[in-house]
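Asker: One structure follows; several queries about it will come next.
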Amino acid sequence: MKQDAEATIRAYYDALRAGEPLSPFFLESLATVKVSLSERFSGYPDIADELSEQSAMTTEWTVESADLSVTTRDDYGWFDDEVTMAWTNTRVDTDHEFDTRWTGTLEANESDGTWQFVTMHVSTAAEELQNDDALFDFDP
C-alpha cells in the first residue's frame, strides 16, 4: 500500500520508539544527509551505520510530535516539526531528554510510490547540550 509523506514521518517516529530498523526510511544515495543533535552523516552507508549503532545502544525512546507540517509537490516533500524526545543510553546508563526541531526533505520512489528521507536535520537549543557530554557515546 502506498504511504504518503506524512504517514512515512509518523511511521519513522513509531519505529524509533519501538527500536525497529530506521535505515529503510532513508534514500539509498551518497547524497542523503542526516544531521543529529551532535553529528552530521553524509551518504546512506554512514547513515545506516549510525542508526544501527544508535539502536543498539539506546532504549526507552519517547517521541512526541507537537507541530508536524508536511508539504508535497509531485514526488518531493518537506517537513518541519517540534518534537520532545527522550531515551536511555545503555552504554553509559544515562537518560536524555530534549525539546527538538526537526526539518527535512523526502522523495517518493518512482517504482512503488513509497516516501524516503533525502535529508533530515534534528536540532535543539545550544544551552540544552552544554552539560551533556555523552548523548550517544558509541566509541567502543
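Asker: Of all residues in the range 60-79, which are outside any strand (DSSP E or B) and touching a helix residue (DSSP H, G or I) at 6+ places or on another chain (Cβ under 7 Å)? Can you show your working first?
Answerer: Going residue by residue through the range 60-79, those that are outside any strand (DSSP E or B) are 66-68, 74-75.
Across the range 60-79, the qualifying residue is only 68.
Asker: Looking at the range 51-72, is at least one residue within 18 Å of residue 118 (Cβ to Cβ), over 13 Å from the mean Cα position of the chain (by Cα), surrounded by fewer than 13 Cβ atoms within 10 Å (Cβ to Cβ) and of a type in the set (Ser, Thr, Tyr)?
Answerer: As a first pass, look at the range 51-72 and keep what is within 18 Å of residue 118 (Cβ to Cβ): 51, 68-72.
Narrowing further to those that are over 13 Å from the mean Cα position of the chain (by Cα): 68-72.
Going one step further and asking which of them are surrounded by fewer than 13 Cβ atoms within 10 Å (Cβ to Cβ), we end up with 69, 71.
Imposing the further condition that a residue be of a type in the set (Ser, Thr, Tyr) reduces the set to 69, 71.
Yes, the range 51-72 contains a residue that is within 18 Å of residue 118 (Cβ to Cβ), over 13 Å from the mean Cα position of the chain (by Cα), surrounded by fewer than 13 Cβ atoms within 10 Å (Cβ to Cβ) and of a type in the set (Ser, Thr, Tyr).
Asker: If you take the residues in the range 8-49 that are assigned to a loop (DSSP other than H, G, I, E, B) and either aromatic (Phe, Trp, Tyr) or in contact with a Gly (Cβ under 7 Å, 6 or more places away or on another chain) (or both), which one is surrounded by the fewest Cβ atoms within 10 Å (Cβ to Cβ)? Let's see the steps before the verdict.
Answerer: As a first pass, look at the range 8-49 and keep what is assigned to a loop (DSSP other than H, G, I, E, B): 19-22, 27-32, 36-39, 43.
Now narrow it down to the ones that are either aromatic (Phe, Trp, Tyr) or in contact with a Gly (Cβ under 7 Å, 6 or more places away or on another chain) (or both): 30, 32.
Numbers: 30: 10, 32: 23.
Checked the range 8-49; the qualifying residue surrounded by the fewest Cβ atoms within 10 Å (Cβ to Cβ) is 30.
Asker: Could you pull out the residue among 94, 103, 84, 58 that is in contact (Cβ under 8 Å) with a residue 60 or more places away in the chain, within 17 Å of residue 124 (Cβ to Cβ) and of a type in the set (Val, Ile, Thr)?
Answerer: Values: 94 fails: in contact (Cβ under 8 Å) with a residue 60 or more places away in the chain; 103 fails: in contact (Cβ under 8 Å) with a residue 60 or more places away in the chain; 84 fails: in contact (Cβ under 8 Å) with a residue 60 or more places away in the chain.
Unique residue meeting the criteria: 58.
Asker: Restricting to the range 31-51, what's the tally of residues that are of a type in the set (Ser, Thr, Tyr) and modelled with pLDDT of 95 or more?
Answerer: At the first step, the residues of the range 31-51 found to be of a type in the set (Ser, Thr, Tyr) are 32, 36, 38, 42, 44.
From the residues that got through so far, the ones that are modelled with pLDDT of 95 or more too are 32, 42, 44.
Matching residues across the range 31-51 total 3.
Asker: Scan the range 61-81 for residues that are free of Cβ contacts under 8 Å to residues at least 60 places away in the same chain and among the aliphatic types (A, V, I, L, M) and report the count. Reasoning before the result, please.
Answerer: If we filter the range 61-81 for residues that are free of Cβ contacts under 8 Å to residues at least 60 places away in the same chain, which is where we start, we get 61-67, 69, 71, 73-76, 78, 80.
Still in the list and also among the aliphatic types (A, V, I, L, M): 63, 66.
Residues in the range 61-81 being free of Cβ contacts under 8 Å to residues at least 60 places away in the same chain and among the aliphatic types (A, V, I, L, M): 2 in total.
Asker: Look through 54, 130 and report the one residue that is more than 21 Å from residue 6 (Cβ to Cβ) and at pLDDT below 90.
Answerer: Details: 54 fails: at pLDDT below 90.
Just one listed residue meets the conditions, 130.
The values are calculated or read from the model by the stated rules, or taken from the named source; none is laboratory data. All values reported here derive from a predicted model rather than from experimental measurement. Heads up, the Cβs are rebuilt from the backbone with ideal geometry, glycines too, and the neighbour counts pull from every protein chain shown.
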